[in-house]
Amino acid sequence: MRQNSFKLENRSGFLLDRIRDDFLEARYIERFEFQETVSDPFGKEVTFERLEYRQTAFRATATWPGLELIDPSRSVQQLLSELIEASDFSVSLAPLSVDVLKWAEGIQQTFGGMLTISSIQVGGLKLEDSATAKVVIKGDKDVREACQKITGNRPHILEKLQFRIAIGSASATVLLANNATAKIEGGEVEEELLPAIRKAMIGI
């Protein structure tokens with residue numbers, strides 16, 4: 001990764017931010033140069049050069065889950081390809097599928113009873129042999145019991161859930177998806193939430 005460090009003359013590369021015995025934190029940076037054309041108030045087109053940098057922070061560990069992308073851009077294929085190349089093709093990457101309810105319950109164990117699941121999205125809920133449904137259950141109170149009543153013993157997939165959590169005087173809303181993504185809204189408690197989210201992911 002150091003051999004492919006980002007420099008201003010490069011189109012892409014890595015910047016290492018922190019290295020420890022069991023993990024490293026870094027950013028993958030891509031530089032894009034392109035032309036943009038706009039019309040002035042008199043209808044004359046003006047073309048100018050634009051320069052844009054896109055950064056994706058990531059955390060790599062020697063243990064499962066291995067790679068965590070932080071606020072990634074829409075396309076991370078180039079980043080993944082260069083990570084595999086940086087490892088001399090000694091690692092493989094695969095998407096994860098997780099049980100979001102177990103994930104949330106793991107986070108709850110860290111903070112006690114302060115977690116309220118306010119929304120659950122269920123997909124593939126089997127109604128009959130040729131019919132399934134996608135259902136979003138929302139409520140002011142915890143909706144786990146309502147979700148259990150609706151799904152019963154029928155096959156289904158827990159796709160997403162959202163919970164509210166209070167930590168001290170601050171609060172946050174967290175969205176978990178079964179593709180192992182987590183979105184935190186409430187920056188004040190992010191530093192406390194992130195370790196719990198990682199720990200719960202490992203414990204699933």
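The table that follows gives values for the structure above.
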read-out: Some residue of region 9-21 being more than 24 Å from the chain's Cα centre (by Cα) and over 30 Å from Pro65 (Cβ atoms); value: yes
read-out: For Pro72: the one exception among (1) part of a strand (DSSP E or B); (2) within 25 Å of Phe163 (Cβ to Cβ); value: (1)
read-out: Strands (runs of 3 or more DSSP E) (entirely within region 140-200) containing at least 1 residues that are aromatic (Phe, Trp, Tyr) and surrounded by 13 or more Cβ atoms within 10 Å (Cβ to Cβ); value: 157-167
read-out: Criterion violated by Leu69 - all others in (1) touching a residue at least 24 places away in the same chain (Cβ under 8 Å); (2) closer than 21 Å to Ile19 by Cβ; (3) of a type outside the set (Asp, Glu) satisfied; value: (1)
read-out: Given (1) out of contact with any helix residue (DSSP H, G or I) (no Cβ under 9 Å at 6 or more places or on another chain); (2) hydroxyl-bearing (Ser, Thr, Tyr); (3) not in a loop (DSSP other than H, G, I, E, B), number of the condition Thr56 does not satisfy; value: (1)
read-out: So Ile202, is it of a type in the set (Val, Ile, Thr), closer than 18 Å to Trp103 by Cα and touching a strand residue (DSSP E or B) at 6+ places or on another chain (Cβ under 8 Å); value: no
read-out: Pick from region 81-121, criterion part of a loop (DSSP other than H, G, I, E, B) and of a type in the set (Val, Ile, Thr), ranking: least open to solvent (accessible area, probe 1.4 Å); value: Val98
read-out: Residue in region 105-116 that is under 18 Å from the mean Cα position of the chain (by Cα) and more than 20 Å from Met201 (Cβ to Cβ) present; value: no
read-out: Arg198 vs. criteria in the same structural domain as Leu127 (by the TED database) and under 19 Å from Gln121 (Cβ atoms); value: no
read-out: Residue satisfying condition, being at pLDDT 95 or above and open to solvent by 60 Å² or more (accessible area, probe 1.4 Å), within set Arg20, Arg54, Arg74, Arg27; value: Arg27
read-out: Residue list for region 3-53, restricted to those being of a type in the set (Phe, Trp, Tyr) and assigned to a strand (DSSP E or B); value: Phe14, Phe23, Tyr28, Phe32, Phe34, Phe48, Tyr53
read-out: Restricting region 122-139 to residues that are open to solvent by less than 40 Å² (accessible area, probe 1.4 Å) and in contact (Cβ under 8 Å) with a residue 24 or more places away in the chain, the residue that is farthest from the chain's Cα centre (by Cα); value: Leu125
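The values are calculated or read from the model by the stated rules, or taken from the named source; none is laboratory data. Owing to the predicted nature of the structure, the values given are computational and were not obtained by experimental measurement. FYI the Cβ positions are ideal-geometry reconstructions off the backbone, even for glycines, and counts take in every protein chain you see. Remember, those area values only see protein heavy atoms, side chains included, never the ligands or the DNA or RNA. Shrake-Rupley method; radii C 1.70, N 1.55, O 1.52, S 1.80 Å.
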